[in-house]
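Step one of this worksheet: look at the structure below.
Quick note: the coordinates plus some simple rules give every number you see, no bench work behind them. None of these values were measured; they are calculated from a predicted model. Note that each Cβ is placed from the backbone with ideal geometry, even for glycine, and that neighbours are counted across all protein chains shown.
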Amino acid sequence: MEKILEVKDLEVSFQTYGGSVKAVRGVSFDLHKGETLAIVGESGSGKSVTSQTIMKLIPMPPGKITGGQILFNGDDIVPKTEKQMEKIRGKEISMIFQDPMTSLNPTMKIGTQIMEGLIKHQNMSKQAAKTRAVELLNLVGIPMPERRVNQYPHEFSGGMRQRAMIAIALAANPKLLIADEPTTALDVTIQAQILDLMKDLQSKMDTSIIFITHDLGVVANVADRVAVMYAGQIVEMGTVDEIFYDPRHPYTWGLLASMPSLDNDNKAELAAIPGTPPDLTNPPKGDAFAARNQYALAIDFEEEPPMYQISETHFAKTWLLHPDAPKVEPPEAVKNRMRQLSSTFDQAVLVKEGK
Amino acid sequence: MAEKLLEIKNLKQHFHVGKGNTVKAVDGITFDIYKGETLGLVGESGCGKSTTGRTIIRLYDATDGQVLFNGEDVHGKKSAKELKKFNRKMQMIFQDPYASLNPRMTVADIIAEGIDIHGLAKDKKERMEKVYELLETVGLNKEHANRYPHEFSGGQRQRIGIARALAVDPDFIIADEPISALDVSIQAQVVNLMKKLQREKGLTYLFIAHDLSMVKYISDRIGVMYFGKLVELASAEDLYNNPMHPYTRSLLSAIPLPDPDTERTRKRVSYDPKVHNYSDNEQIEMREIVPGHYVYCSEKEAQTYKAQYVK
């Protein structure tokens, strides 16, 4: 499969009065054509910063890309100027934001906001752009699009606004769509509709999607592959089956175990992850998750774990996969979902030395 | 289950929105809350679940209907003294831990505000001791007392909100989306804390949320609301195993589960209020289909639901 995006060892930091916050600390991943990659993690894990950096939407300064490459179609976008980026944003890469109320312009008609990108990037006439805007609204499932193009965002409900945002994002047929928590502000029923819509449009247009969320249910629904982020690093990455049925990193275990399961009538206490994420002004020595990790080994507090490869597509950054590491039992809730996957290697392979 | 702590009878809350229009946010709902239980209230945004909670605790004056707390009308005329007594017994935890704590008060003052108002501490020393004890109960420590809310993370702030509610030793707590603004890993911490406190202090909760999997986990019984009406009320397990009202079914079919296999085969049911096709002379009301399982329906539908019920 064709690679559309390669992120290599990306590092982003922000200068603040309290010192520099290392929000992204060496993130690498690829994205193939037509694929959906979900990035999960809690607030402050760097998932939004990573995706905004791909569009170079982080404010610079205080933000700064301190290292690494972002290859979009083989072309590094890190050194690109603001002017060059304008040609990419909205045309090649589009973004859907979490809160449709604050990311749409309240003083512009929905139609005009969709037409903006069409006129700029595809040199359409106003007339043609308007016809296309109606088509797009129809495509995202908004009834009576002819009337709706002339309405303002406040006349739309939350779910409808999110659909309008998707229409704007898709206007110029982007190759890559970044969706930053697109359904977090919506009700479950509306959420399900939006997810179906995105999957449907993806299959029609063959767009690649980076889907950022903290809801594991949504991940299971949309993702082909999943990257789990913690404290600015990817700690585990694999296909959706590998992450949900054969997770290896204790943080992934923690996330899965802290969700109550619906068919389980067990009223036992939820396995919460104790404590809070570390302060990234001074990232802790060794493994950033060690302090909250009940499976932490002595070495976790000393040295950062390297990346291990468990199958062709499955990677995890934990000392537990080291050949000399003691065997540990994952939490009960995780053990129940474990399955033997055929693609798994007999022995985890060390792929990258930790820093 | 035993004693009724709270009886809500035909509660209505209508808002005037100008030009002679009214929004019927809560439109005649009736249910009881028993001592020591957790009642979950779910529904989509705008269905009136938060308004119900706020009306019960008298943040709004009810348009019609009654709320009886220990047999006493909450919305009746009350002297300042009676109101104070009542306020002590019922407390609320809010959704947004960022907006519901006064940024200019220290944590100690926020928690002790209720203690001061109700005169629950004899002197300064006892007041601080109470604050320390409460902080410990919710998993924070003494040193946090003199800090300000902005120094805390979302999960910690929600703990402060819980400590504040507990300060006056209430019987009943309304939790309005207490975990929606928190991260997954922190949600479990707060839910565990709430359950622990319930066991230790015999609290009764009204838990309002839209996260159905968490509601099922924490609740004994669940009420489903749709457009100002309570459409179904049953024990948590029965509601999930035997949803009857078509809206409940559609809601349950939309919950995303952290399991790729079920997600691939998911069949979503949508709800259209037209399916009921009620005629004008039909009585639509809450009917008990099986013991403890109520559905808002017509007589004819009740028969169908009864026939379909499988234990």
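Enter the mean number of other protein chain beta carbons within 10 Å of the beta carbon of each residue in B:187-194, as an integer.
Working: counts 6, 12, 7, 2, 5, 5, 1, 0.
Per residue, the average neighbour count from other chains is 5.
Of all the options B:Lys84, B:Lys267, B:Lys12, the one that moves most in a Gaussian network model of chain B with Cα springs shorter than 10 angstrom is B:Lys267.
Are there any chymotrypsin sites (Phe, Trp or Tyr not before Pro) in segment A:274-347 that are in a DSSP loop and have at most 16 other Cβ atoms within 10 Å? List them by number.
Numbers: sites: A:Phe289, A:Tyr295, A:Phe301, A:Tyr308, A:Phe315, A:Trp319, A:Phe345; in loops: A:Phe289, A:Tyr295, A:Phe345.
When the chymotrypsin sites (Phe, Trp or Tyr not before Pro) of segment A:274-347 are filtered for loop state and at most 16 Cβ neighbours within 10 Å, A:Phe345 remain.
The C-alpha radius of gyration of segment A:102-173, expressed as a fraction of 2.2 N^0.38 Å, stands at 0.97.
Among A:Leu118, A:Leu270, A:Leu256, determine the one that fluctuates most according to a GNM of chain A built with springs between C-alpha atoms less than 10 Å apart. Result: A:Leu270 has the largest fluctuation of those listed.
Across segment A:74-83, computed HN-Hα scalar couplings (Karplus, 6.51 cos²θ - 1.76 cosθ + 1.60, θ = phi - 60°) run x, 10, 6, 9, 4, x, 5, 7, 4, 5 Hz from first to last residue, x flagging Gly and Pro. Grab the other residues whose beta carbon is less than 15 angstrom from that of A:Pro323, score K and R as +1, D and E as -1, and report the net. Counting the neighbours of A:Pro323, the net charge comes to 0.
Which links in A:Lys199/B:Lys49; B:Lys142/B:Lys201; B:Lys9/B:Lys81; A:Lys83/A:Lys109 stretch past 29 Å when you go from one Cα to the other? Let's see the in-between values first.
Values: A:Lys199/B:Lys49 31 Å; B:Lys142/B:Lys201 21 Å; B:Lys9/B:Lys81 25 Å; A:Lys83/A:Lys109 26 Å.
Violating the 29 Å Cα-Cα cut-off are A:Lys199/B:Lys49.
Semi-axes of the equivalent ellipsoid for segment A:78-235, please: Cα gyration tensor eigenvalues, times 5, square-rooted, ordered largest first, whole Å.
Working: eigenvalues 129, 81, 39 Å².
Working through the eigenvalues yields semi-axes of 25, 20, 14 Å.
Charged side chains reduced to their Cβ positions (Lys and Arg at +1, Asp and Glu at -1) give the protein assembly as shown a dipole of some 1700 debye around its Cα centre. Where the alpha-carbon atoms of the protein assembly as shown are placed on the principal axes, they occupy 72, 65, 51 Å, in descending order. Note on B:His118 and B:Arg249: their simple-model spin labels are 4.6 nm apart, each label 7 Å out from Cα toward Cβ. Shape annotation for segment B:1-104: C-alpha extents along the principal axes are 43, 40, 32 Å, from largest to smallest. Averaging Cα coordinates gives a centre for segment A:55-131 and one for segment B:154-178; these two points are 43 Å apart.
What the phi angles of segment B:207-222 give under the Karplus curve with 6.51, -1.76 and 1.60, with θ = phi - 60°, is a coupling list of 10, 9, 6, 10, 7, 5, 5, 5, 4, 5, 5, 8, 8, 8, 10, 10 Hz, glycine and proline written as x.
Of all lysines in the structure, those lying under 23 Å Cα to Cα from B:Lys300, and not within fewer than 8 positions of it along the same chain, are B:Lys229, B:Lys274, B:Lys311. Simple point charges give the picture: +1 on the Cβ of Lys and Arg, -1 on the Cβ of Asp and Glu, and for chain B a dipole about the Cα centre of about 460 debye. Averaged over the residues of B:177-183, the number of partner chain Cβ atoms lying within 10 Å of the residue Cβ comes to 2.
Using just the Cα positions, wrap segment A:129-216 in a convex hull and report its mean projected area in square nanometres, one decimal place.
Its Cα hull, projected and averaged over all orientations, spans 5.7 nm².
The distance between label points at A:Lys285 and A:Ser203 comes to 5.4 nm (points 7 Å beyond Cα on the Cα→Cβ vector). Specify, per residue and in Å³, the volume enclosed by the convex hull of the alpha carbon atoms belonging to segment B:246-311. Cα convex hull per residue, to the nearest whole number: 112 Å³.
Need one word for segment A:26-92: rounded, prolate or oblate. Basis is the Cα gyration tensor (sqrt eigenvalues a ≥ b ≥ c); a/c below 1.5 gives rounded, then a/b vs b/c decides. Verdict is oblate for segment A:26-92.
With each label modelled as a point 7 angstrom along the Cα→C-beta vector, the A:Ile119-B:His150 pair spans 4.1 nm.
Rounded to the nearest 10 degrees, what's the angle between the helix B:80-89 long axis and the longest principal axis of chain B, both from Cα atoms, 0 to 90? Its long axis makes an angle of about 80 degrees. For segment A:203-214, backbone phi angles converted through the Karplus equation (6.51, -1.76, 1.60; θ = phi - 60°) give residue-by-residue couplings of 5, 6, 9, 6, 7, 8, 10, 9, 10, 9, 7, 10 Hz, Gly and Pro being listed as x. Per-residue extension of 0.36 nm, minus the Cα-Cα distance of B:Asp73 and B:Gln308, leaves a gain of 80.7 nm for this segment.
Taking 25 °C and 0.890 mPa s as conditions, segment B:4-227 diffuses translationally at an estimated 135 µm²/s according to Stokes-Einstein applied to its Kirkwood radius (Cα pairs). Partner shielding of B:259-270 amounts to 5, given as the average count of beta-carbon atoms from other chains within 10 Å of each residue beta-carbon. Under the combined filter of DSSP loop state and at most 10 neighbouring Cβ atoms within 10 Å, segment A:159-262 retains none of its chymotrypsin sites (Phe, Trp or Tyr not before Pro).
Nearest 10 degrees, 0 to 90: what angle lies between the long axis of helix B:107-117 and the longest principal axis of chain B (Cα atoms)? For B:107-117 against chain B, the angle is about 80 degrees. So for segment B:143-285: antiparallel DSSP bridges make up what percent, rounded to the nearest 5? Here the share of antiparallel DSSP bridges comes out near 55 percent.
Order of B:Tyr294, A:Tyr17, A:Tyr152, B:Tyr247 from fewest to most other C-beta atoms within 10 Å?
Working: B:Tyr294 21, A:Tyr17 5, A:Tyr152 15, B:Tyr247 26.
Ascending Cβ contact count within 10 Å gives the list A:Tyr17, A:Tyr152, B:Tyr294, B:Tyr247.
For the residues A:Ala171, A:Ala257, A:Ala316, a GNM of chain A with alpha-carbon springs under 10 Å puts the largest fluctuation on A:Ala257.
The chymotrypsin sites (Phe, Trp or Tyr not before Pro) of segment B:17-123 that DSSP puts in a loop, and whose beta carbon has at most 15 other beta carbons within 10 Å, are B:Tyr98. Only Cα pairs under 8 Å and 6+ residues apart enter the sum, and on that basis the relative contact order of chain A stands at 18 percent.
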